[in-house]
There are 2 protein chains.
Amino acid sequence: MKQQRAVRTRDALIRSAAETFESRGYVQAKLAEISSRAGVSAGALHFHFPNKAAVAATVEATAAATLRRAAQAAQLPGMNPLQRLTAASHALAGELQADVVARAGFHLSCQTRHRTGADLRAEWHAWVSRQLAEAETQGLLAERVRAHDVAVAVTAATTGIEALAGTDPQWLSPAALTRFWHFLLPCLTRPEALTTLHSDPHTRTA
Amino acid sequence: MKQQRAVRTRDALIRSAAETFESRGYVQAKLAEISSRAGVSAGALHFHFPNKAAVAATVEATAAATLRRAAQAAQLPGMNPLQRLTAASHALAGELQADVVARAGFHLSCQTRHRTGADLRAEWHAWVSRQLAEAETQGLLAERVRAHDVAVAVTAATTGIEALAGTDPQWLSPAALTRFWHFLLPCLTRPEALTTLHSDPHTRTA
């Protein structure tokens, strides 16, 4: 029972830290605000985390785990690399839109200055590049396009969608992402391959 | 003479403030560092700027003026909307890569928390949307694409390129941007219109 309460307190602190980092920025976030938002004492916070950097590292690690798990879960057996790509992008956008911890941790990981763990944007770029290299090998890409150029465009656009969502969350909505893929997929795939793809993960129509 | 020196001092302070904001972030930037980087006394800084917010507002306004001027200068008479779009993107990337004041001011303008002037990303999105709406009216867009969807993809990708350049400046290089347009332009234009376009502003080959 005591341990369950400790886990709940820690989870509440991670969430309130994420909210505080998102609204104030890392530098101006105060431990006092983090503990009071979580409804616990300063002592309870210090029992779990020695300092602000430790809280931020935990928010980052939690976000990285959530985002990797979501991208993984979206990739179903039998999907081709382009299907994996669109499915993972929708899953990541969903997590970033719904989960303040994923969002705050992702933002921390984008800031060279406060990053403690992996650079999640670089990880996404590397993963996108692998999917497109594999799509090229499998003959899914249109004749005139090169895997590397598509990876650059897709990484840039998805990174930009996340950045623009900072001022307008609608950029990460399923509808916006579906329209984006609906425009982009026909540019990069062979017409034959296009019929196997869908811009929206919930329907079968491209 | 005295006035010339005042102008030079003010310019040096704007530049050193931009460098300091870029390396420390707005919150951790100290006025003492800004004045000593510029090689002037704290008193000289205070003669020009009452506080940090005033320095930041000037960096932002200077960047906005530089970027608007660069985008404007890139648009030559007789260009169609898609030519204006690629030309302006190259001009903006060039300024952001070369000029720390443009970069720092652009970043301040992206942060709701510290922004004092225009939201330059929103301004870019509106401008891109206007060019594409005009391209649609002029019959330059490919049959299957809609101006709104292209505007979303182009705004997202160019915003992402700028964001990714934060950790790797190569994203804003002319070569990278040329490859990006070289991939994207054939997706959005009619084949006839494509022959009038070039991905690289310095050559006539698309």
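Bear in mind these aren't lab numbers, they're just calculated from the coordinates by the rules spelled out. This structure is a prediction, so every number in the text was calculated from the model and none was measured. Don't worry about glycine lacking a Cβ; one is built from the backbone with ideal geometry, like all the others, and counts go over all protein chains shown.
Tabulated results
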| read-out | value |
| --- | --- |
| Charged-residue dipole, Cβ positions (Lys, Arg, Asp, Glu), chain B about Cα centre, Debye nearest 20 | 700 debye |
| Charge tally in the Cβ shell below 15 Å around B:Lys52, where Lys, Arg are +1 and Asp, Glu are -1, B:Lys52 excluded | +1 |
| Across the identical copies, how the A:Thr112 labels are spaced - nm, sorted shortest first, 7 Å along Cα→Cβ | 2.7 |
| Estimated [θ] at 222 nm from DSSP helical runs (n ≥ 4, -39500 (n - 2.57)) normalised by residues in the protein assembly as shown, nearest 500 | -23000 deg cm²/dmol |
| Other-copy label distances relative to A:Pro191, 7 angstrom Cα-Cβ extension, nm | 1.1 |
| Amide hydrogen neighbours beyond the local backbone of B:Asn80, cut-off 5 Å, H modeled | none |
| Cysteines having no other Cys beta carbon under 4.7 Å from their own, within the protein assembly as shown | A:Cys110, B:Cys110 |
| Global form of the range A:117-206, assessed from the alpha-carbon gyration tensor, a/c cut-off 1.5 | oblate |
| Copies compared at A:Val27 - label distances in nm, ascending, label defined 7 Å from Cα in the Cβ direction | 0.8 |
| Computed lengthening from B:Ser41 to B:Glu123, 0.36 nm per intervening residue step minus Cα-Cα distance | 25.9 nm |
| Sequence of B:Arg5, A:Arg84 once ranked by neighbouring C-beta atoms within 10 Å, starting from the fewest | B:Arg5, A:Arg84 |
| Rg and Dmax [Cα atoms of the range A:1-50; Å; Rg one decimal, Dmax integer] | 10.6, 35 |
| Amide H contacts under 5 Å for B:Thr189, placed H, 5+ residues apart | B:Ala142 |
| Descending principal axes extents, the protein assembly as shown, alpha-carbon based, whole Å | 77, 61, 31 |
| Length gained when the stretch A:Gln28-A:Ala61 is fully extended (0.36 nm per residue, less Cα-Cα span) | 9.8 nm |
| B:Arg5-B:Gln138 FRET efficiency (beta carbon distance; Förster radius 60 Å; 0.05 resolution) | 0.70 |
| Ranking of A:Asp149, A:Asp11 by count of other Cβ atoms within 10 Å, fewest first | A:Asp11, A:Asp149 |
| Neighbouring partner chain Cβ atoms per residue of B:23-30, average, 10 Å criterion | 3 |
| Spatially proximal lysines relative to B:Lys52 (Cα-Cα < 16 Å; intrachain offsets below 8 disregarded) | B:Lys30 |
